[in-house]
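What follows is a set of notes on a single structure, which appears directly below.
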Amino acid sequence: MDVTRQFRDVDDFSPAELETVLGMATDLKERFDRGDSDDPLANRTLAMLFEKPSTRTRVSFETGMTQLGGHAIFLGPEDVGLGGREPTRDLSRTISRYADAVMVRLFDHADLEEFCAFATVPVVNGLTDLAHPCQTLADLLTIRKHLASDFDASVTWIGDGNNVARSFAVGCGMVGLDCTICTPAEYAIEESVLDRARTFDAGGSIETTTDPREAAAGADVVYTDVWVSMGEEAQREEKLAAFKSGDFQVNDALLDSGTEILHCLPAHRGEEISEPVFESDRSLVWEQAENRLHAQKGLLTFLLDAA
């Protein structure tokens, strides 16, 4: 096990390593479905530190560790008091003495960086304000399985240039997807992130626009997320006005007949996506949600060198 390996964002891995993780995720799913499991993480423990709550993150990581023969420990805000009751660096060093790996879900990406700097075991970013790489693993697994095994497809992000969008853009660049990011100008992804996404010579493209109709035209899949993320409640009215005035809702009028839909959940039906589209046959949302489990199993097995 290489204890120096952290998964702060998707490009902490090389494209080859990313492909390895996706392949391991696929293999582990197939083996589990056959009932052919050899418990590769037996006697291993994952500590899960939650400053920010989540249904999918907690359940998928806990279930994943159980299916791999290991154990997961949930630590909520009242258990750890990150940076308050105890300095982040002290918490990191202590938990590293108990657990084989740590998953942290935090508000501030700077806290993740400090935690990683003092950890002596692999650390996984379960979400921060800047990145959500575990979601990107599930997104890519869904696209590869359902749409294009070689990632020869066009994908469009429509909505806020948030943490999910940032990691997704970089992931698309790494695997060679043709990706269009469509946001209001004032909520665009930073140029530094787009530069990272364009660094990889994988054969795809990363484009941006502020026109949802232009972005959705000809797309194999359109991906959206909530316009107002947790912790941004004070900006709600301002953000809703910007997205509604630009017609950023993903609905039937926006989509080509063959376009399919991704959404990382939870969804605000009637805001970023219409109810009919969300519940339609074109929605891959539930497969995408399930793939959080499989992708994270591949990730943990890779990080703990248990293949």
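All of the numbers you see were taken from the coordinates with simple rules; none came from a lab. Everything quoted here is computed from the prediction, not taken from an experiment. For neighbour counting, all protein chains shown are included, and Cβ atoms are generated from backbone atoms with ideal geometry for every residue, glycine included.
Here is how the numbers come out for the structure above:
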{"read-out": "Distance in nm between pseudo-label sites at Ser149 and Thr199 (7 Å out along the Cβ direction from Cα)", "value": "3.1 nm"}
{"read-out": "Assigned charges on the beta-carbon of Lys, Arg, Asp, Glu; region 135-288 dipole about Cα centre (debye)", "value": "260 debye"}
{"read-out": "Of Gly159, Leu265, Ala188, farthest towards positive along the dipole that unit charges on Lys, Arg, Asp, Glu beta carbons give region 135-288", "value": "Leu265"}
{"read-out": "In order through region 288-304: 3J(HN,Hα) via Karplus (6.51 cos²θ - 1.76 cosθ + 1.60), integer Hz, x for Gly, Pro", "value": "4, 5, 4, 5, 4, 4, 5, 5, 6, 5, x, 4, 5, 5, 5, 5, 8"}
{"read-out": "Computed helical MRE - 222 nm, the chain, DSSP H runs ≥ 4 contributing -39500 (n - 2.57), nearest 500", "value": "-12500 deg cm²/dmol"}
{"read-out": "Cα-based reach from Lys244 at 15 Å (exclusive), listing aspartates and glutamates while leaving out same-chain residues under 8 positions away", "value": "Asp160, Glu186, Asp211, Asp225, Glu271, Glu272"}
{"read-out": "Cα centre as origin, Lys/Arg/Asp/Glu Cβ charges: the chain dipole, Debye", "value": "880 debye"}
{"read-out": "Under-5 Å amide H pairs with Ser154, H placed in peptide plane, nonlocal only", "value": "Asp220, Val221"}
{"read-out": "Crossing angle, helix 88-98 versus the chain [Cα axis fit, 0-90 degrees, rounded to tens]", "value": "60 degrees"}
{"read-out": "Cut-off under 5 Å, modelled amide H: who pairs with Val250 long-range", "value": "Ile273, Ser274"}
{"read-out": "Region 31-81 - charge dipole about Cα centre, Lys and Arg +1 at Cβ, Asp and Glu -1, debye rounded to 20", "value": "140 debye"}
{"read-out": "Relative contact order (%) - criterion: Cα under 8 Å, at least six apart; region: region 223-302", "value": "33 percent"}
{"read-out": "Intensity falloff of the chain expressed as log10 I(q)/I(0), Debye formula with alpha-carbon point scatterers, at q = 0.14 Å⁻¹", "value": "-1.05"}
{"read-out": "Which of Ala138, Asn251, Tyr223, positive extreme of dipole for region 135-288 (C-beta unit charges)", "value": "Ala138"}
{"read-out": "Region 68-208 - Kirkwood radius from inverse mean 1/r over Cα pairs (Å)", "value": "16.7 Å"}
{"read-out": "Acute angle (nearest 10 degrees) that the helix 55-67 long axis makes with the longest principal axis of the chain, alpha-carbon atoms", "value": "50 degrees"}
{"read-out": "Order of Val21, Val10 - criterion: other Cβ atoms within 10 Å of each residue's Cβ, fewest first", "value": "Val21, Val10"}
{"read-out": "Nearest-ten-degree value, helix 236-245 long axis tilted from longest Cα axis of the chain", "value": "40 degrees"}
